[in-house]
1. Skip the ligands, DNA and RNA, and give the accessible area per residue of the stretch 108-150 with a 1.4 Å probe, whole Å².
2. Ignoring ligands, DNA and RNA, what percent of the accessible area of the stretch 7-61 is carbon or sulfur (1.4 Å)?
3. Calculate how many DSSP beta bridges within the stretch 68-351 are antiparallel, expressed in % of all such bridges and rounded to the nearest 5.
4. Tell me, what HN-Hα J-couplings in whole Hz come from the Karplus equation 6.51 cos²θ - 1.76 cosθ + 1.60 at θ = phi - 60° for each residue of the stretch 13-22, using x for Gly and Pro?
5. If I fit a long axis through the Cα atoms of helix 276-286 and take the longest principal axis of the Cα atoms of the chain, what angle between them do I get, 0 to 90°, rounded to 10?
6. Rolling a 1.4 Å sphere over the protein heavy atoms, what is the accessible area per residue of the stretch 172-231, to the nearest Å²?
7. So if I place +1 on the C-beta of Lys and Arg and -1 on the C-beta of Asp and Glu, and nothing else carries charge, what would the dipole magnitude of the chain be about its Cα centre? I want it in debye, nearest 20.
8. What part of the accessible area of the stretch 248-308, given as a whole %, is carbon or sulfur when the probe is 1.4 angstrom?
Amino acid sequence: MESKPLLRSLVPDQLAGLIKDAGLPAYRADQLADWLFARGVFSWEEMTNLPKAWRENLAERFDLAALDTVERQVSGDGTRKFLFRLRDGATVESVIIPMDEHVTFCISTQVGCAMACRFCATARGGLVRNLEAGEILEQVLRLRSDTLTNPVEGLGDRQFNVVYMGMGEPLDNWPAVTDSLTCMMDPKGLAMSRRRIQISTSGPGEGLKKMVEAEPGVGLTISLGGSTDAERKAVMPVPGRTPIREVLDLVVQYVRRTGRRATVAWVLIAGQTDDPEQAARLARLLRGKPLKVNLIPMNPLDDAKLLPPDENGIRAFRRVLTDAGIDTFIRISGGRDIAAACGQLRRRHLQS
Ligand code: SAH
């Protein structure tokens, strides 16, 4: 069946335009936005305060839902992993990660990815397509609904954070990502504080420039993966085309504009990105910049070719950075027992 435009791909202002064009009073736009975002419903019938004829008219022109849950897995550490099927049959992953003070929703922006990072499961199949804004947003709504039905222990109805850290390169799909951000932050959308949102990027130059110009105010994490351009290119061939200095300049510009410290993510791969000399060079690159470092020990893929360093190796790398005065944290990805890390659930489905 041919799919219709997704109503939630429209930002609240566009919805207001739609209502106006239909000759309906403006308060109807607020009611519609309330159903779509604040309540996040997935059936037209639930929109009880909207005239039935108008609901039917909308249903003829727009789709209200784009995601179908194919799989939901809960890890021993509380991580919940979802595989969603989209209207064209493609699949994407999203994850709920319980943290100490809140839950974090990790969402995808593309089916597949064109960045070809050697350590990443999503990269393996290349880019299939961009997600629409409504498909990005719906992941948040589905995850929110899951935490309302099955509250995360100890966190009650505490607010959630959103990280664009799932499948795909957010800055390679900037228009849809911006619209999804608008829907999340708009008072008539999810009314989220920008402080609760984080975009993680491998840092393709063009995309990074667009983000610095647009200055959405959300947090920025830049995946580096090398302390020289050659090193970076070896593990991250596409984003590696942009020189590290240029990448870091853009990140610092972004930090200056938003007043919010950014994060450098560094995947630790044994024998490739775990040399203390790389840590020393990284420390020199970052000295005096408003950046902190998250070290992510490699989560092995199914071929187990790239592995994380052992505990000592991880600690030694970190020590070089902390000794140089750089705030450095070790981030172990959750849900290993359910293949929650980095595009692995989808890969297993594609192969079976
Ligand atoms: N394309 C974006 C978002 C997706 S990747 C980006 O590059 O940031 C999100 C994070 O997961 C990145 O920091 C990336 O370096 C890391 N990552 C990807 N595959 C990994 C793996 N197999 N093990 C550990 N970290 C991984």
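The values are calculated or read from the model by the stated rules, or taken from the named source; none is laboratory data. The shown structure was predicted, so the numbers you read here are calculated from the model rather than taken from an experiment. Here the Cβ is made from the backbone with ideal geometry for all residues, glycine too, and neighbour counts use every protein chain on show. To get the accessible areas, we keep the full protein, side chains included, count just its heavy atoms, and leave off ligands, DNA and RNA. Shrake-Rupley method; radii C 1.70, N 1.55, O 1.52, S 1.80 Å.
1. Counting only protein heavy atoms, the per-residue value for the stretch 108-150 is 32 Å².
2. Ligands and nucleic acids excluded, carbon and sulfur give 51 percent.
3. Here the share of antiparallel DSSP bridges comes out near 45 percent.
4. 4, 5, 4, 4, x, 4, 5, 5, 4, 7
5. Orientation of helix 276-286: about 60 degrees from the principal axis.
6. Computed with neighbouring chains in place, this is 35 Å² per residue.
7. That gives the chain a dipole magnitude of about 720 debye.
8. After summing per-atom areas, the C and S share lands at 47 percent.
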